Amino acid sequence: MEIIISGYGRMGKEVEKICIARNHKIIARIDNESDWQQLSEINRLSDVVIDFSMPDVAVNNYLRCFELGLPIVTGTTGWYDQLEFINEQCANQNGTFFYAPNFSIGVNIFFKTNSYLAKLMSGMNDYKVKINETHHIHKLDAPSGTAISTAEGIIKEHKTLSEWALGNDNSNNILPIYSTREGEITGIHEVIYESGIDKIILKHEAKNRDGFALGAVLAAEYICGKKGVFNMDDLIKQML
(Lines give C-alpha, C1' and ligand atoms only; values in the text may rest on other atoms or scores of the structure.)
Protein backbone atom coordinates (compact mmCIF):
# COMPACT_ATOMS: atom_id res chain seq x y z
CA MET A 1 0.00 0.00 0.00
CA GLU A 2 0.94 3.66 -0.42
CA ILE A 3 0.73 5.19 3.08
CA ILE A 4 0.77 8.71 4.52
CA ILE A 5 1.82 9.08 8.16
CA SER A 6 0.14 11.93 10.05
CA GLY A 7 2.02 12.83 13.23
CA TYR A 8 5.66 11.87 12.84
CA GLY A 9 6.51 11.52 16.51
CA ARG A 10 7.34 8.39 18.47
CA MET A 11 4.36 6.40 17.28
CA GLY A 12 4.64 7.70 13.73
CA LYS A 13 8.21 6.45 13.52
CA GLU A 14 7.19 3.04 14.92
CA VAL A 15 4.40 2.82 12.34
CA GLU A 16 6.91 3.62 9.61
CA LYS A 17 9.13 0.70 10.70
CA ILE A 18 6.23 -1.75 10.62
CA CYS A 19 5.02 -0.46 7.25
CA ILE A 20 8.44 -0.97 5.70
CA ALA A 21 8.75 -4.44 7.27
CA ARG A 22 5.39 -5.37 5.68
CA ASN A 23 6.47 -4.03 2.26
CA HIS A 24 4.33 -0.90 2.28
CA LYS A 25 5.58 2.41 0.94
CA ILE A 26 5.55 5.67 2.92
CA ILE A 27 4.87 8.46 0.44
CA ALA A 28 4.49 11.37 2.89
CA ARG A 29 5.05 12.30 6.52
CA ILE A 30 2.80 15.06 7.87
CA ASP A 31 3.88 16.86 11.01
CA ASN A 32 2.66 20.45 10.63
CA GLU A 33 0.26 22.72 8.75
CA SER A 34 2.57 23.31 5.79
CA ASP A 35 2.82 19.55 5.25
CA TRP A 36 -0.98 19.41 4.99
CA GLN A 37 -0.96 22.19 2.40
CA GLN A 38 1.16 20.03 0.13
CA LEU A 39 -0.95 16.91 0.65
CA SER A 40 -3.45 17.60 -2.13
CA GLU A 41 -0.65 17.14 -4.64
CA ILE A 42 0.09 13.57 -3.55
CA ASN A 43 -3.17 12.28 -2.10
CA ARG A 44 -4.18 10.65 -5.38
CA LEU A 45 -1.25 8.26 -4.94
CA SER A 46 -2.09 7.12 -1.41
CA ASP A 47 -4.24 4.29 -0.11
CA VAL A 48 -4.54 5.34 3.54
CA VAL A 49 -3.45 7.83 6.20
CA ILE A 50 -2.26 6.49 9.55
CA ASP A 51 -2.66 9.19 12.18
CA PHE A 52 -0.97 9.53 15.58
CA SER A 53 -1.20 13.31 15.89
CA MET A 54 -2.07 15.59 18.84
CA PRO A 55 -5.63 15.74 20.26
CA ASP A 56 -5.99 19.45 19.44
CA VAL A 57 -5.47 18.90 15.69
CA ALA A 58 -6.84 15.38 15.26
CA VAL A 59 -10.43 16.29 14.35
CA ASN A 60 -9.30 18.73 11.65
CA ASN A 61 -7.03 16.01 10.28
CA TYR A 62 -9.98 13.63 9.98
CA LEU A 63 -12.14 16.21 8.24
CA ARG A 64 -9.36 16.97 5.78
CA CYS A 65 -9.00 13.30 4.95
CA PHE A 66 -12.75 12.98 4.32
CA GLU A 67 -12.62 15.98 2.00
CA LEU A 68 -9.62 14.56 0.12
CA GLY A 69 -11.19 11.12 -0.16
CA LEU A 70 -8.45 9.54 1.98
CA PRO A 71 -9.22 6.57 4.25
CA ILE A 72 -7.80 7.25 7.71
CA VAL A 73 -6.73 5.09 10.65
CA THR A 74 -6.20 6.98 13.91
CA GLY A 75 -4.81 6.08 17.30
CA THR A 76 -5.01 9.61 18.65
CA THR A 77 -7.19 9.99 21.77
CA GLY A 78 -8.52 12.98 23.68
CA TRP A 79 -11.11 13.94 21.02
CA TYR A 80 -13.85 11.38 21.69
CA ASP A 81 -16.34 14.05 22.76
CA GLN A 82 -16.63 14.74 19.00
CA LEU A 83 -16.94 11.10 17.94
CA GLU A 84 -20.60 11.39 16.93
CA PHE A 85 -19.80 14.44 14.78
CA ILE A 86 -16.90 12.66 13.06
CA ASN A 87 -19.04 9.58 12.40
CA GLU A 88 -21.67 11.82 10.77
CA GLN A 89 -19.09 13.61 8.63
CA CYS A 90 -17.61 10.31 7.53
CA ALA A 91 -21.03 9.06 6.47
CA ASN A 92 -21.95 12.34 4.73
CA GLN A 93 -18.77 12.25 2.64
CA ASN A 94 -18.74 8.48 2.05
CA GLY A 95 -15.44 8.26 3.88
CA THR A 96 -13.48 5.53 5.60
CA PHE A 97 -12.53 5.93 9.24
CA PHE A 98 -10.93 3.44 11.65
CA TYR A 99 -10.39 4.62 15.23
CA ALA A 100 -9.15 2.86 18.35
CA PRO A 101 -8.00 4.02 21.76
CA ASN A 102 -5.44 1.24 21.59
CA PHE A 103 -4.38 -0.87 18.58
CA SER A 104 -2.62 -3.56 20.61
CA ILE A 105 -4.17 -6.98 20.03
CA GLY A 106 -3.32 -7.83 23.66
CA VAL A 107 -5.16 -4.76 24.94
CA ASN A 108 -8.25 -5.68 22.95
CA ILE A 109 -8.17 -9.15 24.51
CA PHE A 110 -7.85 -7.29 27.84
CA PHE A 111 -11.01 -5.31 26.94
CA LYS A 112 -13.01 -8.48 26.32
CA THR A 113 -11.73 -10.12 29.50
CA ASN A 114 -12.55 -6.93 31.41
CA SER A 115 -16.17 -7.00 30.22
CA TYR A 116 -16.57 -10.64 31.20
CA LEU A 117 -15.04 -10.03 34.64
CA ALA A 118 -17.32 -7.03 35.17
CA LYS A 119 -20.34 -9.21 34.46
CA LEU A 120 -19.13 -11.78 37.01
CA MET A 121 -18.46 -9.11 39.64
CA SER A 122 -21.63 -7.11 39.10
CA GLY A 123 -23.53 -8.74 41.95
CA MET A 124 -20.55 -8.87 44.33
CA ASN A 125 -21.41 -5.89 46.52
CA ASP A 126 -18.48 -6.43 48.89
CA TYR A 127 -16.01 -5.49 46.13
CA LYS A 128 -15.11 -1.95 45.14
CA VAL A 129 -13.61 -1.47 41.69
CA LYS A 130 -11.14 1.10 40.38
CA ILE A 131 -8.86 1.60 37.38
CA ASN A 132 -5.21 2.62 37.55
CA GLU A 133 -3.40 3.73 34.39
CA THR A 134 0.22 4.85 34.02
CA HIS A 135 1.91 6.37 30.96
CA HIS A 136 5.02 8.32 30.02
CA ILE A 137 5.26 12.02 30.80
CA HIS A 138 4.75 12.99 27.15
CA LYS A 139 1.14 11.75 27.06
CA LEU A 140 -1.13 14.79 27.18
CA ASP A 141 -4.61 13.37 27.85
CA ALA A 142 -5.73 11.85 31.14
CA PRO A 143 -7.28 9.46 31.64
CA SER A 144 -6.04 7.55 28.62
CA GLY A 145 -8.42 6.48 25.90
CA THR A 146 -7.70 2.88 26.87
CA ALA A 147 -8.68 3.58 30.48
CA ILE A 148 -11.91 5.24 29.34
CA SER A 149 -12.79 2.27 27.11
CA THR A 150 -12.03 -0.06 30.02
CA ALA A 151 -14.32 1.97 32.29
CA GLU A 152 -17.11 1.97 29.73
CA GLY A 153 -16.81 -1.81 29.42
CA ILE A 154 -17.21 -2.18 33.18
CA ILE A 155 -20.13 0.25 33.45
CA LYS A 156 -21.99 -1.53 30.65
CA GLU A 157 -21.93 -4.81 32.60
CA HIS A 158 -22.04 -3.62 36.21
CA LYS A 159 -25.40 -3.16 37.95
CA THR A 160 -24.48 -0.33 40.31
CA LEU A 161 -22.00 1.81 38.33
CA SER A 162 -23.35 4.58 36.11
CA GLU A 163 -20.33 6.77 35.29
CA TRP A 164 -16.58 7.12 35.69
CA ALA A 165 -14.62 10.02 37.15
CA LEU A 166 -10.97 10.93 37.28
CA GLY A 167 -9.74 10.25 40.83
CA ASN A 168 -13.22 10.27 42.38
CA ASP A 169 -14.15 7.33 44.62
CA ASN A 170 -16.62 9.02 46.97
CA SER A 171 -19.82 7.71 45.42
CA ASN A 172 -21.01 4.12 45.13
CA ASN A 173 -22.18 4.59 41.54
CA ILE A 174 -18.95 6.19 40.26
CA LEU A 175 -16.03 4.20 38.89
CA PRO A 176 -12.77 6.01 39.76
CA ILE A 177 -9.85 6.19 37.33
CA TYR A 178 -6.41 7.14 38.64
CA SER A 179 -3.90 8.45 36.10
CA THR A 180 -0.14 8.70 36.59
CA ARG A 181 2.39 10.25 34.21
CA GLU A 182 5.99 9.30 34.90
CA GLY A 183 9.21 8.44 33.12
CA GLU A 184 9.04 6.66 29.77
CA ILE A 185 6.41 4.05 30.67
CA THR A 186 4.72 2.81 27.49
CA GLY A 187 1.41 1.97 29.14
CA ILE A 188 0.05 0.06 32.15
CA HIS A 189 -3.66 -0.49 32.83
CA GLU A 190 -5.06 -2.22 35.89
CA VAL A 191 -8.62 -3.05 36.91
CA ILE A 192 -8.74 -3.73 40.64
CA TYR A 193 -11.64 -5.30 42.53
CA GLU A 194 -11.02 -5.21 46.27
CA SER A 195 -12.97 -6.39 49.31
CA GLY A 196 -12.07 -6.67 52.98
CA ILE A 197 -10.66 -10.16 52.43
CA ASP A 198 -9.01 -10.20 49.01
CA LYS A 199 -8.14 -8.41 45.79
CA ILE A 200 -8.60 -9.32 42.11
CA ILE A 201 -6.37 -7.56 39.57
CA LEU A 202 -6.67 -7.61 35.78
CA LYS A 203 -3.58 -6.00 34.26
CA HIS A 204 -2.10 -5.22 30.87
CA GLU A 205 1.43 -3.85 30.54
CA ALA A 206 2.88 -2.84 27.19
CA LYS A 207 6.60 -3.61 26.90
CA ASN A 208 7.08 -1.29 23.92
CA ARG A 209 5.18 0.46 21.12
CA ASP A 210 5.55 -2.33 18.57
CA GLY A 211 2.12 -3.83 19.29
CA PHE A 212 0.37 -0.47 18.86
CA ALA A 213 2.14 0.20 15.56
CA LEU A 214 1.46 -3.29 14.19
CA GLY A 215 -2.23 -3.04 15.07
CA ALA A 216 -2.51 0.31 13.28
CA VAL A 217 -0.93 -1.12 10.13
CA LEU A 218 -3.19 -4.18 10.29
CA ALA A 219 -6.15 -1.80 10.56
CA ALA A 220 -4.92 0.09 7.48
CA GLU A 221 -4.72 -3.18 5.56
CA TYR A 222 -8.19 -4.15 6.79
CA ILE A 223 -9.99 -1.00 5.58
CA CYS A 224 -8.49 -1.13 2.09
CA GLY A 225 -11.46 -0.94 -0.30
CA LYS A 226 -14.02 -0.43 2.48
CA LYS A 227 -16.32 2.49 3.35
CA GLY A 228 -17.68 3.44 6.76
CA VAL A 229 -16.57 3.63 10.39
CA PHE A 230 -14.61 0.75 11.90
CA ASN A 231 -12.90 -0.16 15.17
CA MET A 232 -10.86 -2.98 16.68
CA ASP A 233 -13.90 -5.21 17.13
CA ASP A 234 -14.16 -5.40 13.34
CA LEU A 235 -10.47 -6.26 12.97
CA ILE A 236 -10.49 -8.83 15.78
CA LYS A 237 -13.53 -10.61 14.27
CA GLN A 238 -11.64 -11.03 11.00
CA MET A 239 -8.67 -12.51 12.85
CA LEU A 240 -10.67 -15.12 14.78
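Provide the solvent-accessible area of T77, counting protein heavy atoms only and rolling a 1.4 Å probe, rounded to the nearest 10 Å².
Roughly 10 Å² of T77 is accessible to a 1.4 Å probe.
Where a Cα-Cα gap under 15 Å defines reach, which aspartates and glutamates qualify for K159, not counting those fewer than 8 residues away within the same chain?
Within the straight-line limit of under 15 Å, K159 reaches these aspartates and glutamates: D126.
Largest first and in whole Å, give the semi-axes of the range 1-122's equivalent ellipsoid, each being the square root of 5 times a Cα gyration tensor eigenvalue.
Equivalent ellipsoid semi-axes, largest first: 28, 18, 13 Å.
Given labels modelled 7 Å from the Cα in the Cβ direction, how far is it in nm from T113 to E84?
3.4
Please list, in chain and number order, the residues 5+ apart from I72 or on another chain whose amide H is under 5 Å from its amide H, with Hs placed from the backbone.
Under 5 Å from the amide H of I72: V49, T96, F97, F98.
Given the Cα-Cα distance of K203 and K17 and 0.36 nm per residue of separation, how much length would full extension add, in nm?
64.2 nm
So which aspartates and glutamates can K13 reach, going by Cα to Cα under 15 Å and dropping same-chain residues fewer than 8 places off?
Those aspartates and glutamates meeting the cut-off are D31, D51, D210.
From the cross-link list K17/K227; K156/K237; K17/K139; K112/K226; K119/K203; K130/K226, which pairs have alpha carbons spaced over 29 Å apart?
Too far apart for the 29 Å limit: K130/K226.
E152 to Q37: extension gain in nm, 0.36 nm per residue of separation minus the Cα-Cα distance?
Computed gain between E152 and Q37 is 37.6 nm.
With viscosity set to 1.002 mPa s and temperature to 20 °C, compute the Stokes-Einstein D of the range 90-160, Rh being the Kirkwood radius across alpha carbon pairs; µm²/s, no decimals.
Diffusion coefficient, whole number: 152 µm²/s.
Taking K and R as +1 and D and E as -1, what net charge do the other residues with C-beta under 10 Å from the C-beta of I188 add up to?
So the environment of I188 carries a net charge of -2.
Per-residue accessible area for S195 at 1.4 Å probe radius, Å² rounded to 10?
Accessible area of S195: about 20 Å².
Using θ = phi - 60° and the Karplus form 6.51 cos²θ - 1.76 cosθ + 1.60, what ³J(HN,Hα) does each residue of the range 62-67 get, whole Hz, x for Gly and Pro?
Each residue of the range 62-67 in turn: 5, 4, 4, 5, 4, 5 Hz.
Grab the DSSP H runs of the chain that are 4 residues or longer, score each as -39,500 (n - 2.57), total them, divide by all residues and round the 222 nm result to the nearest 500 deg cm²/dmol.
Value at 222 nm, helices only, nearest 500: -12000 deg cm²/dmol.
Just need the relative contact order of the range 1-129 here, percent rounded to a whole number, with Cα pairs under 8 Å and 6+ apart.
21
From the protein chains alone at 1.4 Å, what is the descending order of accessible area for E163, E157, largest first?
Largest accessible area first, the residues go E163, E157.
Which value results when the Cα radius of gyration for the range 51-172 is divided by 2.2 N^0.38 Å?
So the range 51-172 has a normalised radius of gyration of 1.22.
Below 13 angstrom from the Cβ of G145, what's the summed charge of the other residues (Lys, Arg +1; Asp, Glu -1)?
With Lys, Arg at +1 and Asp, Glu at -1, the net is -3.
How many angstrom lie between the C-alpha centres of the range 24-38 and the range 102-147?
34
Per 5 Å bin, what percent of the C-alpha pairs of the range 128-240 does each bin hold, from zero upward?
2, 10, 17, 19, 17, 15, 11, 5, 2, 0, 0
The values are calculated or read from the model by the stated rules, or taken from the named source; none is laboratory data. Please read these numbers as outputs of a predicted model, since none were measured by experiment. Positions of Cβ are generated from backbone atoms using ideal geometry, with glycine treated the same way; all protein chains shown enter the neighbour counts. These area figures cover heavy atoms from the full protein model, side chains too; ligands, DNA and RNA do not enter into them. Shrake-Rupley method; radii C 1.70, N 1.55, O 1.52, S 1.80 Å.
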